[in-house]
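Colleague: For reference, the structure I am asking about is given below.
Since every read-out is calculated from the coordinates, none of them should be taken as a lab result. Note that the structure is predicted; figures quoted are calculated from it, not measured. Neighbour counts are summed over all protein chains in view; Cβ atoms, including those assigned to glycine, are modelled from backbone coordinates with ideal geometry.
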Amino acid sequence: MMLTGNARESEGMPVNLALGHVSNDFLIAALVIYSLSVVAFAGDFAYGRPRRAASASRGQQAQDRAAALATVGAANAAAAADVPADGATAGADGAADGRPVAVPDSMPEVAVSPLRAIGQAGRWVQAAMALAAVGVVAHTVAVVTRGLAVHRAPWGNMYEFVTALTCVAAIFFLFVVVRYRAWTLGVFVMGAVVVALGLAETLIYTAAGQLVPALQSYWLDIHVTALTLATGIFFVAAVLGVVYLAADRYHRRVAAGRAEPGNGIMRRLPSIEQIDRLTYRTVVFGFPVWTFGVIAGAIWADQAWGRYWAWDPVETWAFITWVLYASFLHARATAGWRGRRAHYIQLLGFASLIFNILVVQVFIAGLHSYAGVS
């Protein structure tokens, strides 16, 4: 493979071991802070008031919906205007006279500033968001200092890849939390980030070091960066998909008379329709990034090995993952496959992605055997 001038220069530069230790210290600090954030999110889930802010704004939301319907000339604008100011509904099937009523959104995207929304959500959420933000800063510093220590993009082996993608997942989810006020989902997503980061730090830790010659190319910054970003986003979507399936199973059991209604955990969550919509939006955001990463990998392969596609195990599973996520997007748009079936496909896509990272790259010999795990 031809190396660029920057690659040759970084190859000759020694690893800054002291900065590598600083990176690891910041990563451990981020792990501890994230754990405290999960505790605060759990406290909000158990004792907080995650829906009070939505309840306070339900009257305004109802007026906004009525105004929007009137703008587009909807026939039921008058019915929407009859929604009570407190956002209450007349029943599961609609109003007393049979007309549909607007259901308050427990995960709204409302015109309230982020700081005000966090303040309205209660002290548990305030503590959780503050800790998560501090943890993200520490995590980002850890990733950046790792890159400075090795004079390259800090995702040249599996350990660096996992630490970077969990950083992306945490940042992306904080954006989702603030935009959609999805406070109650924090305990699940941030908890998964803590587990993944803890496993990386204990099981696959790799000291700062130089890359193998095959990876010393500027295409590492393009190809692997795109896959890191997409994997972090898909990580969030996978957690949301698991929450969706759990909520959907509970509601099905209630409808069949096999479970009691009013479960405390399920009552705190957004509706399954809202979780489904948020998961779909997350995958839609990450899918083009993954597509670009696969295309960039093919271009890199042509420069390195003289062919765009060699059916190497890693690139084959990356393509399988692409097909599964494309199938999810197609299924989500197909009436008969929406909901539970579509989420099974989405989770199968993430399982394919994880299998590629943890099994194919480690145990199957190929052109991409650079995991750095012995």
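Colleague: Multiply the residue separation of Asp302 and Ser327 by 0.36 nm, subtract the distance between their alpha-carbon atoms, and state the gained length in nm to one decimal.
Modeller: Fully extending the segment from Asp302 to Ser327 adds 6.2 nm.
Colleague: Okay, next question. Two decimals is fine: what is log10 I(q)/I(0) at q = 0.20 Å⁻¹ for region 139-268, from a Debye sum with one equal scatterer on every Cα and no solvent?
Modeller: -1.13
Colleague: Convert each backbone phi in region 336-351 into a coupling constant with the Karplus relation 6.51 cos²θ - 1.76 cosθ + 1.60 (shift: θ = phi - 60°), then list the ³J(HN,Hα) values in order as whole Hz, x for Gly and Pro.
Modeller: So the J values, rounded to whole Hz, are x, 10, 6, x, 4, 4, 4, 6, 4, 5, 4, 6, 5, x, 5, 4.
Colleague: Here's something else I'd like to know. Per-residue HN-Hα couplings for region 276-287, Karplus 6.51 cos²θ - 1.76 cosθ + 1.60 at θ = phi - 60°, whole Hz, x for Gly and Pro?
Modeller: 4, 5, 5, 5, 4, 4, 5, 5, 4, 5, x, 4
Colleague: Compare the Cα positions of Tyr325, Tyr244, Val289 along the charge dipole of region 231-342 (+1 at Cβ of Lys, Arg; -1 at Cβ of Asp, Glu; about the Cα centre) and return the one farthest towards the positive end.
Modeller: In region 231-342, that residue is Tyr244.
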